[in-house]
Amino acid sequence: MPILLLRLEGAAALVVATWVYALAGASWGWFAALLLVPDVSMVGYLRGPRIGAAAYNAAHTYAAPALLAVASVGLGWTPGVPVALIWTAHIGLDRLLGYGLKQPDGFHQTHLGPIGPARHG
């Protein structure tokens, strides 16, 4: 049940972030171009599972886009808010699909349970 709730929370974050993005009238081209950018953090796995998990988790926690949004508003940097919304939508989509924060023992172990080959084996 808690995993279902976390996945539903991800769906809500995805829908709300996308809805607010639409209300802001921001570019859908930028939305499409930037939606998968947080996954670049997976390059941390080239340095091993511990560093990979830390890099991935830093890019996949809601605190990071929230800080970007707050800083952007505070500094008057208007492009930061749409970027934060895209980032939030990405995290929400990941959670909805069952991709959670990574455990340091391997990419396929997440806080939402195993994914990929670990799920079936």
Original post:
Here are some conditions: (1) assigned to a helix (DSSP H, G or I); (2) in contact (Cβ under 8 Å) with a residue 24 or more places away in the chain; (3) not hydrophobic (A, V, I, L, M, F, W, C). G100 meets all but one. Which one does it not meet?
Top reply: (1)
**OP:** Taking A89 as the residue in question, decide whether it is under 12 Å from the mean Cα position of the chain (by Cα), among the small types (G, A, S), loosely packed, with under 13 Cβ neighbours inside 10 Å and closer than 26 Å to P2 by Cα.
**Re:** no
**OP:** Output yes when any residue across segment 67-83 is small (G, A, S), at pLDDT 95 or above and within 25 Å of I3 (Cα to Cα), and no when none is.
**Re:** no
Subject >> Among (1) surrounded by fewer than 16 Cβ atoms within 10 Å (Cβ to Cβ); (2) under 20 Å from E9 (Cα atoms), the one test that P79 misses >> reply: (2)
**OP:** Output the qualifying pairs, or none if there are none: Cβ atoms under 9 angstrom, residues six or more apart or on different chains, first residue in segment 103-116 and touching a residue at least 24 places away in the same chain (Cβ under 8 Å) and of a type in the set (A, V, I, L, M), second residue surrounded by 15 or more Cβ atoms within 10 Å (Cβ to Cβ) and part of a loop (DSSP other than H, G, I, E, B).
**Re:** L112/G98; L112/Y99; L112/G100; L112/L101
Subject >> Unmet requirement for W77, which otherwise passes all of (1) without any contact (Cβ under 8 Å) to a residue 12 or more places away in the chain; (2) part of a helix (DSSP H, G or I) >> reply: (2)
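If we scan segment 26-36, do we find a residue that is outside any helix (DSSP H, G or I), closer than 21 Å to Y99 by Cβ and modelled with pLDDT of 95 or more?
Within segment 26-36, the subset outside any helix (DSSP H, G or I) is 26-27, 35-36.
In the following step, the residues that additionally are closer than 21 Å to Y99 by Cβ were identified as 35-36.
If we keep only those that are modelled with pLDDT of 95 or more too, we end up with 35-36.
Within segment 26-36 (the criterion being outside any helix (DSSP H, G or I), closer than 21 Å to Y99 by Cβ and modelled with pLDDT of 95 or more), the answer is yes, since at least one residue qualifies.
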Original post:
Is there a residue in segment 111-120 that is assigned to a helix (DSSP H, G or I), among the basic types (K, R) and closer than 24 Å to M1 by Cβ?
Top reply: yes
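Name the residue that is nearest to F107 (Cα to Cα), counting only residues in segment 25-41 that are of a type in the set (A, V, I, L, M, F, W, C) and under 12 Å from the mean Cα position of the chain (by Cα).
Step one: of segment 25-41, the residues of a type in the set (A, V, I, L, M, F, W, C) are 26, 28, 30-37, 40.
With the extra rule that they be under 12 Å from the mean Cα position of the chain (by Cα), the set shrinks to 34-37, 40.
Values: L34: 23, L35: 20, L36: 17, V37: 18, V40: 14 Å.
Once the filter is applied, the top-ranked residue is V40.
The values are calculated or read from the model by the stated rules, or taken from the named source; none is laboratory data. A quick note: this is a predicted structure, and the numbers were derived from the prediction, not measured. With ideal geometry, Cβ positions are generated from the backbone for all residues, glycine too; neighbour counts draw on all protein chains shown.
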